[in-house]
1. Go through region 195-219 and count every residue that is within 10 Å of ligand 1 (Cβ to nearest atom), basic (Lys, Arg) and over 19 Å from Phe136 (Cα atoms).
2. Kindly indicate whether any position in region 34-54 is among the aromatic types (Phe, Trp, Tyr), over 23 Å from Leu312 (Cβ atoms) and not in a helix (DSSP H, G or I).
3. So Asp168 passes all but one of these: (1) surrounded by fewer than 23 Cβ atoms within 10 Å (Cβ to Cβ); (2) within 16 Å of ligand 1 (Cβ to nearest atom). Which condition number does it fail?
4. Could you please let me know if Ala95 is on the phi < 0 side of the Ramachandran plot, within 16 Å of ligand 2 (Cβ to nearest atom), crowded, with 17+ Cβ neighbours inside 10 Å and of a type in the set (Gly, Ala, Ser)?
5. Cβ-Cβ distance below 9 Å, separation of 6 or more or different chains: which pairs start in region 95-122 with a residue that is of a type in the set (Ser, Thr, Tyr) and end on one that is within 16 Å of ligand 2 (Cβ to nearest atom)?
6. Go over the candidates Ile277, Ile269, Ile285, Ile252 one by one and state the one that is over 24 Å from Val150 (Cα atoms), modelled with pLDDT of 85 or more and either surrounded by 10 or more Cβ atoms within 10 Å (Cβ to Cβ) or not aliphatic (A, V, I, L, M) (or both).
7. Looking only at region 97-140, which residues are more than 16 Å from ligand 1 (Cβ to nearest atom), outside any helix (DSSP H, G or I) and in contact with a helix residue (DSSP H, G or I) (Cβ under 9 Å, 6 or more places away or on another chain)?
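The values are calculated or read from the model by the stated rules, or taken from the named source; none is laboratory data. Owing to the predicted nature of the structure, the values given are computational and were not obtained by experimental measurement. When we count neighbours, we look across all protein chains shown, and the Cβ atoms used for this are built from the backbone with ideal geometry, even at glycine.
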Amino acid sequence: MKTVDLIVPCYNEGEMVELFYEKTSSIVSEIMDYSFNFIFIDDGSRDDTLKKIKGLAEKNKNVKYISFSRNFGKEAGMYAGLKASTADRVTIIDADLQHPPELIRDMLYAIDVEGYDSCSARRVSRDGEPKIRSSFARLFYKMINKMSEVEIVDGAVDFRMMTRQMVDAILDLPEVQRFSKGIFCWVGFNTKWIEFKNVERLVGESRWSFWSLFKYAIDGITAFTTFPLRLATIFGTVVSGAAFIYLLIELIKTLVWGTSAAGYPSTIIIMLFIGGIIIMSLGIIGEYLARLYMESKNRPIFVFKDSNIEGLKNGRK
Ligand code: UDP
Ligand code: MG
């Protein structure tokens with residue numbers, strides 16, 4: 001009998017965990033030939049999430065949990081779950097029931113019958129999401145796919161089942177600042193995409209503010225492409241090229257018509273323009289430098305305080 005681990009990152013999901021467990025376990029209990037384990041990651045929640053999870057663990061042998069010492073973010077949660085998993089098939093799924101657990105059956109089919117290495121869900125509609133947010137999301141996917149070699153699918157959510165082999169490959173990537181959407185693509189393997197309609201959150205609201213999504217986008221871009229650094233070089237070249245042409249024009253004008261004074265606005269404009277580009281380029285270099293710096297500290301990806309999994313260590317490759 002094959003084993004399946006369901007990794008569930010939870011941050012302030014006190015109202016959802018029990019509901020999630022009930023619904024999901026009733027669905028998976030109908031799937032024959034597999035045994036399912038839940039690994040709940042309490043990502044430093046401030047509500048009663050941990051208490052609820054512990055309650056579930058007391059009643060059900062197949063509930064494992066890891067509780068972080070503070071909020072480390074969903075990326076750290078997913079990593080901890082993958083690290084703790086031992087099953088043949090590993091699935092990451094949200095606690096808020098926005099990822100329909102009914103798809104687990106289709107995912108198992110894709111891997112074990114159709115022979116894929118992983119199966120991932122893709123949202124086809126962004127109903128119930130603010131317009132401005134979805135258009136920024138689209139812009140982000142367009143940009144990152146133009147700039148980097150890995151292809152990051154628009155609408156892909158972190159709801160995915162993988163084989164043990166693929167999970168091990170993911171755990172082999174040592175970076176501390178993790179961008180899973182890119183990592184899943186980077187490791188390769190065959191992925192089947194299944195589509196689903198956006199499900200609105202039952203209780204609570206998305207943990208993502210606009211600002212945190214913006215930071216996430218910058219993280220994603222810097223983690224998977226160094227193209228912005230080249231952009232700085234390109235800008236520099238174009239501007240100095242333009243300056244040189246301008247110099248030639250002025251030189252010729254002076255030789256033909258004699259000296260001209262005037263030109264105060266143009267001087268200022270050019271100065272500001274070049275100044276702006278220099279500052280922007282420094283900023284881009286700074287972004288990469290900051291990440292290099294953080295990465296060089298090689299800190300653990302998560303620190304846990306409580307768990308019912310034996311032998312778990314704080315997260316570092
Ligand atoms: N989550 C987490 N740590 C965080 C933020 C979110 O573990 O710092 C979990 C959250 O409990 C949920 C999942 O990640 O199970 C997705 O979060 P959310 O629903 O807020 O994001 P969205 O569905 O809007 O992408
Ligand atoms: Mg959600």
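1. 1
2. Yes, the conditions are met somewhere in region 34-54.
3. Every condition holds for Asp168 apart from (2).
4. Yes: the conditions hold for Ala95.
5. Ser118/Arg160; Ser120/Ala156; Ser120/Val157; Ser120/Asp158; Ser120/Phe159; Ser120/Arg160
6. None of the others qualify; the one that does is Ile252.
7. Residues satisfying the conditions are Glu102, Tyr116, Asp117, Ser118, Cys119.
So that you can scan it fast, the table gives a plain yes or no per residue for (1) more than 15 Å from ligand 1 (Cβ to nearest atom); (2) closer than 27 Å to Ser209 by Cα; (3) more than 20 Å from the chain's Cα centre (by Cα); (4) of a type outside the set (Phe, Trp, Tyr):
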residue	(1), (2), (3), (4)
Phe20	no, yes, yes, no
Glu30	yes, no, yes, yes
Phe36	yes, no, yes, no
Thr49	no, yes, yes, yes
Ile53	no, yes, yes, yes
Phe68	no, yes, no, no
Gly73	no, yes, no, yes
Ala76	no, yes, no, yes
Ala80	no, yes, no, yes
